[in-house]
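A.B. asks: Just dropping this structure here.
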Amino acid sequence: MKGLTRGWVSAACVLIRAGTMEAQGPHPSAASVASAVDSLAARVVSSGLAPAIGVAVVMDGTTILASAHGFADATRSVRADARTLWYLASTSKSFTGFGTALLVDEGVIRLDAPITELLPRATWHANAQAQRLTLAHFLSHTHALGGGAVVMNAAFTGAVPEARWPELLVWSAPTGSSDLVYSNLGYNVAAMVIDTKRPEGWRRFIEQRVFAPAGMRDTYARVSGLEPSRIARPHTIDVNGRYATATFFKTDATMNSAGGHLATLHDLARWVTVQMDSGRVDGRQVLPQSAVALSQRQLAAHTQPNARRFAYFDRHGWGAGWDIGAYEGEPMVSRFGSYHTTRSHLSFLPRRRIGVVVETTGRSAWTATDIIAAYAYDLEAGRPNARAVAEERLAAQMPRLEGERRQAITQDSVRRATQAQVASIDHAKLVGRYAHPGYGTIAFTSRNGGLHYEWGALFGTVEPVDVARGQWRLEIAGSGTAVEFGDGASGSPGSVQVQGITFTRVQDR
């Protein structure tokens, strides 16, 4: 093809098999990829799909793009920029998984070690058969145990101190499934294992042995001590169709090993680089190549058909903190996360040495994070229809935004009617503290004519569903949760059920 012109090659590449994106054209420059991806990210914000979005692209060991658009806090008009800290949610599993792989690589622990050997002081559910479970089962989500009290405390409430979480495993009942079923529990357990082997604890261990060598100096497993205006907040849509900043419920107690870090785009780009390039960054070997390879080795395969595909990506199974899969037939390593309205996407194609990070704070833009990543990969591969495909995918998200706006209006009307109903209800008999040994204490109070709750780091209003039957509703990280008050002496409930868990009224002295 020596005598063929670039134009002929580009035209030939238009001959794409139906339903595929396999044909490829000339590979664009890094600068053109960066410009095109940044332009698409900017349009996600200008179209109203997201209040803020941050994107970074790494090619051949170099960060070619790290750019933020929109507002980290729309209500206070705080713009997202290079210093913005994005909440990573379950992307944190890639840190914890690698930290665990590092200890395995050093011979401190074994993947096939029984979990009862690694956590000798843990208390397990009577039917868990924990002696048959290994560390690999927990890292690969094949432990067949429910999240229970550990996950609720770790991810949401922090009502029971982390030092007690090994004893809370007694509330993680068997699920009856032998499939790979994704949950947070395995990575909370992995942190417990790190804690037993490292006196400084899992947070300091990962900070010192993973973040510091990788040059990730702006990644934190805490909220305290950080400048609040740097944190990209979750956002909801108000009755006027505008983005309004929502409460960021995370505290130090709920910044956990399965979902609990804040980081800048700069740091996340370095994490992609060091993982994609076998522990190298800035021309130096900063993390052991063998540990990187181990963390990306598939430990278990997906057996449920609906789990083998996510957005535009194939998923084969799980390694130590990573989804192992492919994009358009190209091997892909990834880790995504979401919490309330925030979404995190981190992925890379190791053979092509390109990786993408996308962070957003609006629910309507969740899929847009995957669209942007796929667009970067399509551009780098020289696919001539890359732009058209990305535009089509983005346009398909607009009805979701309109649906959210309509829902905001509906919810506002319902909320007004509910507030009027709540104000006419006598809350006195519901008020009180209700406790559970594994899930902590929920306090219900009456103020300003409404019923309110506090549960560790969580708080908010409680809305009636069917007062005659004692049925109410509260919200946890954007999701409605049923609350049902039980019967008790003198008409006051003696218990309350939240997510099927029974809390008993505490008689204050």
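A.B. asks: Residue by residue through region 204-250, note down the ones that are of a type in the set (Gly, Ala, Ser) and part of a loop (DSSP other than H, G, I, E, B).
C.D. replies: Of region 204-250, the ones of a type in the set (Gly, Ala, Ser) are 212, 214-215, 221, 224-225, 229, 232, 241, 244, 246.
Result: Gly215, Ala221, Ser224, Gly225, Ala232, Gly241, Ala246.
A.B. asks: In the list Arg209, Arg233, Arg203, which residue meets the criterion of being surrounded by 15 or more Cβ atoms within 10 Å (Cβ to Cβ) and over 23 Å from Leu111 (Cα atoms)?
C.D. replies: On the way: Arg209 fails: over 23 Å from Leu111 (Cα atoms); Arg203 fails: over 23 Å from Leu111 (Cα atoms).
The unique qualifying residue is Arg233.
A.B. asks: If you don't mind, another one. Give me the residue from region 480-493 that is exposed (fewer than 14 other Cβ atoms within 10 Å of the Cβ) and more than 32 Å from the chain's Cα centre (by Cα) and, out of that set, modelled with the highest pLDDT.
C.D. replies: The qualifying residue modelled with the highest pLDDT is Asp487.
A.B. asks: List, please: which pairs have Cβ atoms under 6 Å, are six or more places apart or on different chains, and start with a residue in region 214-229 that is more than 30 Å from Val292 (Cα to Cα) and end with one that is part of a helix (DSSP H, G or I)?
C.D. replies: Ser224/Asp252
A.B. asks: Out of everything in region 352-369 that is closer than 23 Å to Asp267 by Cβ and in contact with a Leu (Cβ under 6 Å, 6 or more places away or on another chain), what residue ends up being modelled with the lowest pLDDT? Even if it seems obvious, please write down each step before you answer.
C.D. replies: Of all residues in region 352-369, those closer than 23 Å to Asp267 by Cβ come to 352-362, 365-366, 368-369.
Applying the additional criterion that residues be in contact with a Leu (Cβ under 6 Å, 6 or more places away or on another chain) yields 357, 365, 368.
Values: Val357: 98, Ala365: 91, Ala368: 96.
Among those residues, the one meeting the criterion is Ala365.
A.B. asks: In addition: Scan region 123-159 for residues that are small (Gly, Ala, Ser) and closer than 30 Å to Phe459 by Cα and jot them down.
C.D. replies: The answer is Gly146, Gly147, Gly148, Ala149, Ala154, Ala155, Gly158, Ala159.
A.B. asks: Another question, if that's okay. Taking Ile372, is it β-branched (Val, Ile, Thr), closer than 22 Å to Val506 by Cβ, modelled with pLDDT of 90 or more and surrounded by 17 or more Cβ atoms within 10 Å (Cβ to Cβ)?
C.D. replies: For Ile372, the condition - β-branched (Val, Ile, Thr), closer than 22 Å to Val506 by Cβ, modelled with pLDDT of 90 or more and surrounded by 17 or more Cβ atoms within 10 Å (Cβ to Cβ) - is not met.
A.B. asks: Now, a different point. Do we have Arg405 as part of a helix (DSSP H, G or I), modelled with pLDDT under 80 and touching a Gly at 6+ places or on another chain (Cβ under 7 Å) here?
C.D. replies: Working: part of a helix (DSSP H, G or I): yes; modelled with pLDDT under 80: yes; touching a Gly at 6+ places or on another chain (Cβ under 7 Å): yes.
Criteria met by Arg405.
A.B. asks: Now a separate question. Select from region 131-150 the residues that are farther than 20 Å from Leu299 by Cα and either buried (at least 23 other Cβ atoms within 10 Å of the Cβ) or assigned by TED's automatic domain parsing to the domain that holds Gln296 (or both) and list them in ascending order.
C.D. replies: Scanning region 131-150 gives Ala149, Val150.
A.B. asks: Looking at region 290-362, what strands (runs of 3 or more DSSP E) fall wholly within it and have at least 2 residues that are in contact (Cβ under 8 Å) with a residue 40 or more places away in the chain and buried (at least 22 other Cβ atoms within 10 Å of the Cβ)? Explain how you work it out, then say what you get.
C.D. replies: Values: elements: 313-318, 323-327, 330-339, 342-349, 354-360.
Strands (runs of 3 or more DSSP E) meeting the threshold: 330-339, 342-349, 354-360.
A.B. asks: Within region 94-101, is even one residue under 30 Å from Val45 (Cα atoms), in contact with an Asp or Glu (Cβ under 7 Å, 6 or more places away or on another chain) and surrounded by 21 or more Cβ atoms within 10 Å (Cβ to Cβ)?
C.D. replies: No: region 94-101 contains no residue that is under 30 Å from Val45 (Cα atoms), in contact with an Asp or Glu (Cβ under 7 Å, 6 or more places away or on another chain) and surrounded by 21 or more Cβ atoms within 10 Å (Cβ to Cβ).
A.B. asks: Step by step: first the residues of region 150-160, then only those that are under 15 Å from Ser257 (Cα atoms) and hydrophobic (A, V, I, L, M, F, W, C), then the one that is farthest from the chain's Cα centre (by Cα). Which residue is that?
C.D. replies: Step one: list which residues in region 150-160 are under 15 Å from Ser257 (Cα atoms), which gives 150-158.
If we keep only those that are hydrophobic (A, V, I, L, M, F, W, C) too, we end up with 150-152, 154-156.
On the way: Val150: 17, Val151: 13, Met152: 15, Ala154: 13, Ala155: 10, Phe156: 13 Å.
Ranking the candidates gives Val150 first.
The values are calculated or read from the model by the stated rules, or taken from the named source; none is laboratory data. Everything numeric in this text was worked out from a predicted model, so none of it was measured. Cβ sites come from the backbone with ideal geometry, for glycine too, and all protein chains shown count toward neighbours.
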